[in-house]
Amino acid sequence: MNEVSPDRNSVDKQVALMAAAGRNSGSGGSSAPSANADTIHALLDGRLGDPFRLLGPHRVNDADADADAPDLYEIRVYQPGALGVEILARTGDDEGHGKATVLGTLQPYAEAEGFFIGSVHLPDAKAYLLRVTWPDGRGGRAVQIAEDAYAFGLLLGELDIHLLKEGRHRELGRCLGAQTVQVEGVAGVRFAVWAPNAQRVSVVGDFNLWDGRRHPMRLRAEAGVWEIFVPRLPAGTRYKYEIVGPNGHLQPQKADPVARATELPPGTASVVAAGDPFVWSDAQWMAERGGRQAPSAPLSVYEVHAGSWLRVMEENGRSLDWVELSDRLIPYVVGMGFTHVEFMPIMEHPFGGSWGYQPLSQFAPSARFGTPADFARFVDRAHAAGLGVILDWVPAHFPGDAHGMAHFDGTALYEHVDPREGFHQDWNTLIFNLGRNEVRGFLIASALEWLENFHVDALRVDAVASMLYRDYSREPGEWIPNVYGGRENLESVAFLKELNQTIAERCHGALMIAEESTAWPGVSAPVAHGGLGFSYKWNMGWMHDSLRYVEHDPAHRRYHHNDFTFGLLYAFSERFVLPISHDEVVHGKGSLLSKMPGDVWQKLANMRAYLSFMWTHPGKKLLFMGCELAQWTEWNHDASPQWELLDDPRHRGVQQLVRDLNHLYVTEPALHARDADAEGFRWAIGDDSNNSVFAYLRQGFHRHEQMLIVVNMTPVPRHGYRVPLQGDAAEAGVQWEEVFNSDAAVYGGSNIGNPGVHRCDGEGDGRGLTLTLPPLSTIVFRKGAI
């Protein structure tokens, strides 16, 4: 970092010159207040918290002396590098061309380069324009005409300031950052940024040649927020903040943490977002969303990495943009029968290889895929097609890139000071300091930005386990206990509860889904009942156990039977999502198909049986893109899934199986209505480890909503296999019909099954069905009317 070293040799002369400014300007008048050595020292040193005390218009005569005379103002501007500054009268034509009235010419001072001062009569303090002449770099001159940024008063209201300080400003994306607004009839951009420990903050961009001397901001000290209104800036303007830290060091130029648009990486500038609100057409979806996403509703999620779902290989493997994804992805996901599409983080992130999980712009969709309006239009079109949209969201940590939030104002502002709390060793990232009101408010406002302003239907909160425990992935001595000496991160717990309560209050029907891999109790329990308040929790235990089971050779599965059944011991302790996510098919773990043992036929049959077991098991569903193709290779974000495999009927059969499983799951209440209710599940056979057979009943809210599922995880067909049934499942006259068979020929199976209608036989506890179990299969029967 470079030391700020302004020229301080002639400050005393500057004071004297400013006292004479009125005379030198040719307009007469006396010196204005605040023109003293300390103030000028502070400006030149980058320590002046309120440059408005020195710059802009300052009334210098007594307005009551002559009621009919315009007031006399001394106008001071600091335009380093300018050749001259004139004061023009504001008229209907505010471009200042042609016959613009020149009210005065400000005088430069060699001893204070860039200062221009003069006095003019004005009807009010803002009734003027600045016409600044610059060298154009080619030996000529360029003219810039605009209102004086330092002629405008306070910008943020007292309520804004209060809420910012409290960390309760829920519309932070419309308060901080860059907002296209009109201030007193003048169009431009209001910039505001939280940097409480900075000596100076300036906004820089193309509009001022990235020169931090030209637009130093005003400090609203009570909230630590800096603000300025720059007239005539349009949407689309690139900008950053130049910050001098408390030690006098100039920080690297910083992107805006609350920017709502960014430039395309590898560029790192923020962009002034368009101010026009998006016109939504999804009112019916939003009104019905609460019912669509109720715990009793089906939830089947297709997880997508937007950048690699379908690369355009003819154009250097570029990603599809939001318009193209609307045209291609939405119809595909809907056609596959999924209820929701979930995107890995689309918030702007500097490193594409992080897949979005190291974001720096928590309020801005990545420019890789288009504009914010393009993303909003994608969501709108998804809702029109009956498809919900879920975003992965990362409040646990952020990368330490120099242009980002790390050491933002020269101090550990967003992160902890102590690396035992503030540095994540696994990901080489910084951990948000959730003990600060402003940081909590920043993150909650980010969540609301996506849910309220982009109509997103759910957030999947990443790495919750890393937030809950202070010793997460740390050895003894590498972490700091909480105030009670424990390992629980109390600040994170309080944040998550506040987050989920706020979402529940403001975003009707929206879901909050936790990626949480530990036994923390009550993750999906209401906050009022002592829980964290999430809608769902990923069932990582089920995922690990069930994948471990299917990776075993079928001959050895009898010794690992518990891996398939253990999840039912806790399946109803939370509201769960069963996830086969990107994490299971990357980093050397292989594809889902490659995990399956046996020859090609057995691998495909294993995978069909496993997916069918997943879709009939209690819990909502999530499947990562490419798994529905039974692709051979693990996911590579620089390539697309192996779509060419669909030319092979065996892989096309797996895709058809997933489509049919979704249809079955959505249309049969027994398979989704009581996912989190123990009354919705009953074992028929849970202990036949010798044959690796499992049988269970799923029950809806109504007596007739009942399904029987039988799973055979060996390649041995079993004829005359007896499945005992009890209670209403075994009543006389009850009919059972096979409605799904993962071994069907259409899916690439051997087409062994149980056609026709089946009735229970036997007496007492011996009642049941006699069935044929296809090899490596899951078969599903629907209970018919008596």
Checklist line | Along each principal axis, Cα extent of the stretch 256-376, largest first, Å | finding: 44, 36, 24
Next item on the list: Compute, for S524, the solvent-accessible surface of its heavy atoms (probe 1.4 Å) with the complete set of protein chains present, and express it in square angstrom to the nearest 10.
Entry: 10 Å²
Check: With every protein chain left in place, what is the accessible area of V600 in Å² (1.4 Å probe, nearest 10)?
Finding: 60 Å²
Item checked: Ordering of 472-480, 117-125 by packing [mean C-beta count within 10 Å, highest first] -> 117-125, 472-480
Next item on the list: Only residues of the stretch 263-286 count here: report those whose backbone N is under 13 Å from the spot 7 Å along Cα→Cβ of W210, or say none.
Entry: 267-270
Item checked: Per-pair calculated FRET efficiency, R0 = 30 Å: H544 and R436 via Cβ, rounded to 0.05 -> 0.30
Notebook entry, point to check: So for the stretch 518-593, what percent of the C-alpha to C-alpha distances run longer than 16 Å?
Noted result: 58 percent
Next item on the list: For every other residue with a beta carbon closer than 11 angstrom to the beta carbon of S326, add +1 if it is Lys or Arg and -1 if Asp or Glu, then tell me the sum.
Entry: -2
Checklist line | Accessible-area ranking of H663, H416, largest first, probe 1.4 Å | finding: H663, H416
Notebook entry, point to check: Distance in nm between label sites at A294 and E315, each 7 Å beyond Cα in the beta-carbon direction?
Noted result: 4.4 nm
Next item on the list: Could you check the simple spin-label distance between D677 and A745, using points 7 Å along Cα→Cβ, in nm with one decimal?
Entry: 4.1 nm
Checklist line | Net charge over other residues, Cβ less than 13 angstrom from the Cβ of A639 (K, R count +1; D, E count -1) | finding: -1
Next item on the list: Report the paramagnetic label zone for R47: residues of the stretch 169-211 whose backbone N is under 12 Å from a point 7 Å from Cα along the Cα-to-Cβ axis.
Entry: 199-200
Check: Simple spin-label model, 7 Å along Cα-to-Cβ: R138 to D765 in nm?
Finding: 9.7 nm
Checklist line | Computed over the stretch 228-304, Kirkwood Rh from alpha-carbon pairs, angstrom | finding: 16.9 Å
Next item on the list: Find the relative contact order for the chain and round it to a whole percent, using C-alpha pairs within less than 8 Å whose residues are 6+ positions apart.
Entry: 8 percent
Checklist line | Centroid-to-centroid separation of the stretch 254-276 and the stretch 665-699 [C-alpha atoms, Å] | finding: 49 Å
Checklist line | For the chain, the spread of Cα positions along each principal axis, largest first, Å | finding: 113, 58, 45
Next item on the list: Mind checking the full-extension length gain between V757 and L569? Use 0.36 nm per residue of separation minus the Cα-Cα distance, one decimal, nm.
Entry: 64.4 nm
Next item on the list: Give the long-range amide H neighbours of F432: residues separated by 5 or more places, or on another chain, with amide H under 5 Å away, using H modelled in the peptide plane at 1.01 Å from N.
Entry: H397, F398
Notebook entry, point to check: How many angstrom separate the Cα center of the stretch 367-430 from the Cα center of the stretch 135-149?
Noted result: 38 Å
Item checked: Förster radius 22 Å - calculated FRET efficiency between D276 and E505, Cβ distance, rounded to 0.05 -> 0.20
Next item on the list: Output ³J(HN,Hα) for the stretch 518-524: one whole-Hz value per residue in order, computed from phi by the Karplus curve 6.51 cos²θ - 1.76 cosθ + 1.60 with θ = phi - 60°, and x for Gly and Pro.
Entry: 10, 9, 3, x, x, 4, 9
Next item on the list: Can you tell me the order of 665-672, 275-282 when each peptide is scored by its average per-residue count of other Cβ atoms within 10 angstrom, highest first?
Entry: 665-672, 275-282
Notebook entry, point to check: H162 to T667: extension gain in nm, 0.36 nm per residue of separation minus the Cα-Cα distance?
Noted result: 176.8 nm
Next item on the list: Could you please report the charge total around G84, scoring K, R as +1 and D, E as -1 over all other residues with beta-carbon less than 11 angstrom from its beta-carbon?
Entry: +1
Margin query: If R₀ is 51 angstrom, what is the calculated FRET efficiency for the pair H529 and V181, using the beta carbon separation as r and rounding to 0.05?
Written below: 0.75
Margin query: Full-extension gain between F701 and Q284, please, as 0.36 nm times their residue separation minus the C-alpha to C-alpha distance.
Written below: 147.5 nm
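The values are calculated or read from the model by the stated rules, or taken from the named source; none is laboratory data. Not measured: the values here are computed from a predicted model. Every residue, glycine as well, gets a Cβ built from its backbone with ideal geometry; the counts of neighbours run over all protein chains shown. When the accessible area is computed, the model is the full protein with side chains, heavy atoms only, and any ligands, DNA or RNA have been set aside. Shrake-Rupley method; radii C 1.70, N 1.55, O 1.52, S 1.80 Å.
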